[in-house]
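Colleague: Here it is: the structure, laid out below.
The values are calculated or read from the model by the stated rules, or taken from the named source; none is laboratory data. The model shown is predicted, which means the values in this text are computed figures rather than measured ones. Cβ placement follows ideal geometry from the backbone for every residue including glycine, while neighbour counts extend to all protein chains displayed. All accessible areas refer to the heavy atoms of the entire protein, side chains included, with ligands and DNA or RNA removed. Shrake-Rupley method; radii C 1.70, N 1.55, O 1.52, S 1.80 Å.
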Amino acid sequence: MTTHNHMALRRVAAYLRARMGSPHDRQRVASFSYLFDEASAEPARNYATPDDSADPCEAELAALCERFDARQRVPRLEYIHDLAPAVLPRLVAAGFTSSPPLALMTCSRGSLTMDGDIEGLQWSLAENDADLYAAAEVQNHAYGVSVTTAADLQRLRELLKKGGAVALVRARDSDTVLGAGLFTPPHDGVTEIAAIGVHASARRRGIGAALAALLADHALVQGIDLPFLMCEVANEDGVYRRAGFERFGEVVCASR
């Protein structure tokens with residue numbers, strides 16, 4: 001790994017911890033920070049991340065699991081492996097199972113190769129509740145969540161309020177929302193491009209990659225210098241690399 005990449009990984013790790021709250025109110029146990037979503041038990045919304053260079057003992061992992069069990073959440077960790085390589089063997093020994101790692105990818109304005117010019121589609125940034133609700137609906141559809149709730153809408157409202165952005169793609173002839181994605185409120189020049197969702201009827205048209213590229217370009221124009229995304233390694237070359245993203249690390253996801 002290059003020094004540049006190592007610095008980028010540390011910046012992303014700092015962003016992931018900042019997303020859990022300020023140092024004064026962040027939920028902590030031993031060498032872990034953790035986050036619970038009061039409105040959703042979805043694993044991706046409830047997770048812990050270790051400190052850089054953490055090497056937790058059995059008792060520390062047990063204490064972390066107790067916090068998750070008490071909130072009826074699945075104990076789950078999400079973190080950058082290269083910054084805490086000792087953690088994964090400890091998790092496996094404690095009965096955790098890791099899923100295939102996620103690729104961390106980023107881009108620059110010069111590397112982006114997609115501009116969203118796909119026939120029959122129009123692109124926009126969400127500006128009101130109707131846009132946000134439509135974005136939440138198509139994202140939920142894409143990720144297999146059957147019901148869109150007021151909490152989904154409020155989550156996106158807060159994201160806009162804090163400096164994030166939500167993008168939508170519609171069919172020009174019907175105004176039907178076919179896809180949506182977002183970038184999160186930035187922290188020290190870092191933002192995550194996430195929740196890229198495309199309706200089943202519109203897949204395999206390059207919409208997901210174009211959404212990621214458009215969001216990254218908008219973030220870079222706003223002065224955010226490190227937009228990143230996480231994706232399954234299998235999608236790295238087939239989707240995002242062709243849009244101008246490249247890998248700079250991996251994220252481990254493990255649950256008990």
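Colleague: Where both partners of a DSSP beta bridge lie in the stretch 7-142, what percent of those bridges are antiparallel, to the nearest 5? Write out the running numbers ahead of the final one.
Modeller: On the way: 7 of 8 bridges.
Given both bridge residues lie in the stretch 7-142, the antiparallel proportion sits at roughly 90 percent.
Colleague: Can you tell me what share of the DSSP beta bridges in the chain is antiparallel? A percent to the nearest 5 is fine. Don't jump to the answer; show the numbers that get you there.
Modeller: Values: 40 of 45 bridges.
Roughly 90 percent of the DSSP beta bridges within the chain come out antiparallel.
Colleague: Calculate, for residue 72 and residue 133, the FRET efficiency according to 1/(1 + (r/R0)^6) with r their C-beta to C-beta distance and R0 22 Å; round to the nearest 0.05.
Modeller: Details: r = 28 Å, r/R0 = 1.26.
It comes out at approximately 0.20.
Colleague: Another one. Would you calculate the separation in nanometres between label points at residue 99 and residue 7, each defined as 7 Å from the Cα along the Cα-to-beta-carbon direction?
Modeller: 3.3 nm
Colleague: So who's got an amide H within less than 5 Å of the one on residue 249, skipping anything under 5 residues away but keeping other chains? H placed 1.01 Å off N, in plane.
Modeller: Excluding prolines and chain starts, which carry no amide H, the hits are 104.
Colleague: Once label points are set 7 Å from the Cα along Cα→Cβ at both residue 119 and residue 41, what is their separation, rounded to one decimal in nm?
Modeller: Those two pseudo-labels are separated by 4.7 nm.
Colleague: For residue 86 and residue 27 in one chain, what is 0.36 nm times their gap in residues minus the Cα-Cα distance, to one decimal in nm?
Modeller: Values: separation 59, 0.36 × 59 = 21.24 nm, distance 2.20 nm.
The span from residue 86 to residue 27 would gain 19.0 nm if fully extended.
Colleague: Treating only the Cβ of Lys, Arg, Asp and Glu as charged (+1, +1, -1, -1), what charge dipole size does the stretch 1-155 show about its Cα centre? Round to the nearest 20 debye. Could the numbers behind the result be given before it?
Modeller: Numbers: 14 positive and 21 negative charges, 114 e Å.
The calculation lands at about 540 debye.
Colleague: Not counting ligands, DNA or RNA, and with a 1.4 Å probe, what is residue 28's accessible surface area in Å² rounded to the nearest 10?
Modeller: 90 Å²
Colleague: How many angstrom separate the Cα center of the stretch 134-148 from the Cα center of the stretch 185-256?
Modeller: Going from one Cα centre to the other spans 18 Å.
Colleague: Hey, if we sort 143, 133, 47 by accessible area with the 1.4 Å probe, largest down, what's the order?
Modeller: Values: 143 140, 133 85, 47 5 Å².
The ranking, largest first, comes out as 143, 133, 47.
Colleague: Heavy-atom accessible area of residue 107 with all protein chains present, probe 1.4 Å, nearest 10 Å²?
Modeller: 20 Å²
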